[in-house]
Structures are given as structure tokens and as C-alpha cells.
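Have a look at the structure below before the remarks.
The values are calculated or read from the model by the stated rules, or taken from the named source; none is laboratory data. The structure displayed is predicted, hence computed values, not measured ones. Cβ placement follows ideal geometry from the backbone for every residue including glycine, while neighbour counts extend to all protein chains displayed.
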Amino acid sequence: MTAVTCHGITRQGERCRARPLGGSTYCVTHSPDVTDAQRKAWAAKGGVNSSAKARARKALPAELMTPDELSAWLGICFRRVIVGEMEPPVGTAAANLARTMMVIREATEVEARLEALERAAAAQGAEAQGAEAQGATTGRRYSA
């Protein structure tokens, strides 16, 4: 089966290899029905949407991921980069974002643990002060 290609001729004098528009024998570039303003608008929009950042944004899930989900997702990205289904800059962006997410998650967990330890230490300190105060009011002295 032969692939359908545009009937236009490139600047180099070769046959255009682009896919024609629906119902036409010409691609967007060579179609007489498309104005230069439309081509420029589409080119600008396509340039923005094809950036590595835009592709990574489209590929990332909207909700937060657990570390296991993040690891699985990065494995999928890695495979897609290796087989050529994903551009390496998109994979790099995904890995950088994942690394940042993990650093933030770890810092948050460490902060929560530290706060819990501080509360426990404050509670033990209050209990010890309460015991000392009670011993002082009863006149009992504890020796070590």
C-alpha cells in the first residue's frame, strides 16, 4: 500500500512528503485554500505546543502520586525514551520534576517527624517538671 503524500513541490524541487489535508491533494503548506496568516498562526501554536515543557505537561497526571506510582511512571517514561516514543528532553523534564517532588516529600516528612519529636520531648519535660514540683511540695527529696 502506497502512502498518500502532498502533490506540492518543496523549495529544493523535490516532491513534498507531508500528509495532505482531508479532501485535498495538498498539505497545509502547499494548499491554495490556506492563507499565509493561517499558516503563521498554526505554526506559532504548533511551536508552543511542541515544546518539551508542553509535552511534559500533557504527559503528567493531574493528581499527586505516591512514590511507587512515581517510580512506575518514570519507568514508563524511560522505556518510551529508549524506544523513541518520547523525546529525551521530555524524559529529562519528567525526571527533574520527579526528583523535585521527592525532595519536597522527604523534607515534609522530616519536618513532620521533627515536630512530633519536639511535642513528645515537651510532654516529657512537662511531666518531669510536674513530678519535681510535686516532690518539692511534699517535702520529699529524691536522690540519684
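Hey, could you check segment 58-76 for residues that are in a helix (DSSP H, G or I) and of a type in the set (A, V, I, L, M) and say which is modelled with the highest pLDDT? By that ranking, first place goes to ILE76. In segment 73-88, of all residues being of a type in the set (A, V, I, L, M, F, W, C) and surrounded by 12 or more Cβ atoms within 10 Å (Cβ to Cβ), the one that is nearest to ALA54 (Cα to Cα) corresponds to MET86. Within the option set ARG99, ARG113, ARG79, being at pLDDT 85 or above and either of a type in the set (Phe, Trp, Tyr) or over 20 Å from the mean Cα position of the chain (by Cα) (or both) holds for one residue only, ARG113.
Please determine, by comparing only the residues of segment 16-57 that are in contact with a Ser or Thr (Cβ under 8 Å, 6 or more places away or on another chain) and surrounded by fewer than 12 Cβ atoms within 10 Å (Cβ to Cβ), which one is modelled with the lowest pLDDT. If we take residues in segment 16-57 being in contact with a Ser or Thr (Cβ under 8 Å, 6 or more places away or on another chain) and surrounded by fewer than 12 Cβ atoms within 10 Å (Cβ to Cβ), then ASP33 is modelled with the lowest pLDDT.
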